[in-house]
Amino acid sequence: MSDISFLYFFLPVFTGLYLITPKVLKRLLVILAGAGVILWADPMGLIPMGVCILSGYLFGIFIHNFREKVWGKVFLGLEIAVNAAVLLLFHRTAFDGTDFMTLIGQRSLIKSAAAVGAAVMPLHSVAYCIDVYKKKYVCEHRFTTVAEYIAFFPTFGAGPILSFDKMKSQFEDPKPSFSKCAVGVRMLMLGLIMKLFLSNAMNDMWHDVTDIPLKSMPATTAWMGALAFAMFFYFEVCAFCCMACGMASLMGIELNYSLPVGIHSKSFRALCRRANPSLYHWSRNYIYRNIKGDGNGFSEFLAIIFSVMLAVLWYGVSMRSVMFGAALIVVLCFEKILESPLKKLPVFVRYIILFFVMLVIMPFMAFSEPAEALQYISAMFGSGNNTLDTASSYLLGSYSCPMITAIIVSFGAFGYLKRKKVFNNEYLTTIIQPVWVIALLIICTAFLVSGENCIYMF
């Protein structure tokens, strides 16, 4: 989706067709467009798309008809098992090319490229059937409505993960308009610039850091590398979610996602919520609450373990996700145990502790091997016997602009401007916004033409 052909060919053609297509056929056009995106990237991806749609639609009807009987639980269990298999077999991280088959020491049965949408479609399918089982709403008998929800192609990149009951009315009666198209273009350009200028730049910086041998890596360089990977990790999700909101707005559909609100948080739980809101809410609603129930103590810790581990696998079914999930579980459990004393600390001190711990555990997500992650963390604490050298100076000089911008944005610059109602200024809206949107389009085009679209985490 961060590709020159997608931006200048697929998206304009699809948007034009969507606007002139009769309302009764719009859903079919969206489904076909989603299949086209997958077919363009990798025809193998049509398998998870078909399985998720058919399982969600059929099991949704079965669960609705038998939810008062034991068969309702059986069908729900089958639905979860089928979509879990889709996630394990077809979702792989493009960051290091690993998947479930390599995790268990076997050759991959399918291509090494990431299957587009394989991280999002199973979660949509499972959420829909769980809500039907809980009687949140009745099952949908129109196949195209369920198919559009499960395989809504703007979310293929990295979400946001949608809620069926909040999206159904918009899918049935989309309201495209010039104002929504304007918002869509702004969000799309903002997402692209975050992807190309911030996410990709931070990934480049991370790779420059890892080119240095770990045994001689200066501590300052190691900390800068951990910060760079954290920014890449954060902005990769933010960028694709913004692009998804932009593409949906072009269709007259509003997604429940706002601009990055900032990762400054007083707790790790709040940090997880801010880093990826839609994944956090999905994990909380469909895993954490169902395991925790009304209990506390052991059931709550068990809920944390399962919800965190299953959530991090969304980023890639690999050893690095398992390691990062384990580290995050330890931190969250300790935070829960020490909840009372931590609340007594000054807010600034809690920010520093959170920021420090976040950077320390980030190498577990960055490296595929536990030994490399531990060696990198050791370098962060001075095992390289250096604190600063020419490599650190080079990194500061080469990446200071995107790094400073990433830090400012990640700590809530957009939220601050929104609270100050800067975006509501009439002069800014009518004159300045078109200018900076065109400028962003030119900058993004330059990046895409130069080949800066190849880095992709999911």
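General remarks:
- Residues that are part of a helix (DSSP H, G or I) and open to solvent by 40 Å² or more (accessible area, probe 1.4 Å) were ranked within region 16-36; the one that is farthest from MET247 (Cα to Cα) is VAL24.
- Counting only helices (runs of 4 or more DSSP H) that sit wholly inside region 377-450, those with at least 1 residues that are modelled with pLDDT of 70 or more are 390-410, 433-449.
- Every residue from region 279-305 that is closer than 26 Å to SER368 by Cβ and under 19 Å from the mean Cα position of the chain (by Cα): LEU279, TYR280, TRP282, SER283, ILE287
- Here VAL13 clears all of (1) modelled with pLDDT of 85 or more; (2) surrounded by 13 or more Cβ atoms within 10 Å (Cβ to Cβ) except the condition numbered (2).
- Within region 308-330, being in contact with a helix residue (DSSP H, G or I) (Cβ under 7 Å, 6 or more places away or on another chain) and touching a residue at least 60 places away in the same chain (Cβ under 8 Å) holds for LEU313, TRP314, TYR315, VAL317, SER318, MET319, ARG320, SER321, LEU328.
- Selection within region 219-237 - surrounded by 21 or more Cβ atoms within 10 Å (Cβ to Cβ) and either without any contact (Cβ under 8 Å) to a residue 40 or more places away in the chain or of a type outside the set (A, V, I, L, M, F, W, C) (or both): THR221, GLY225, TYR234, GLU236
- Helices (runs of 4 or more DSSP H) within region 300-374 that include 3 or more residues closer than 18 Å to LEU227 by Cβ: 319-337, 347-361, 363-366
- Condition broken by PHE306, with the remaining ones in (1) aromatic (Phe, Trp, Tyr); (2) farther than 18 Å from VAL330 by Cβ; (3) open to solvent by 60 Å² or more (accessible area, probe 1.4 Å) satisfied: (2)
- Whenever a residue of region 180-208 is free of Cβ contacts under 8 Å to residues at least 40 places away in the same chain and hydrophobic (A, V, I, L, M, F, W, C), it has no partner that is part of a helix (DSSP H, G or I) and buried (at least 23 other Cβ atoms within 10 Å of the Cβ) lying with C-beta atoms less than 8 angstrom away and at least six residues away or across chains.
- Checked against (1) in contact with a Phe, Trp or Tyr (Cβ under 6 Å, 6 or more places away or on another chain); (2) open to solvent by less than 10 Å² (accessible area, probe 1.4 Å); (3) not hydrophobic (A, V, I, L, M, F, W, C), LYS195 meets all criteria but (1).
- Within region 37-46, being in a helix (DSSP H, G or I) and open to solvent by less than 80 Å² (accessible area, probe 1.4 Å) holds for VAL37, ILE38, ALA41, PRO43, MET44, GLY45, LEU46.
- Among the candidates GLY293, GLY252, residue that is open to solvent by 20 Å² or more (accessible area, probe 1.4 Å) and on the phi > 0 side of the Ramachandran plot: GLY293
The values are calculated or read from the model by the stated rules, or taken from the named source; none is laboratory data. Since this is a predicted model, take the numbers as computed values, not measurements. Cβ sites come from the backbone with ideal geometry, for glycine too, and all protein chains shown count toward neighbours. Accessible surface areas use protein heavy atoms only, side chains included; no ligands, DNA or RNA. Shrake-Rupley method; radii C 1.70, N 1.55, O 1.52, S 1.80 Å.
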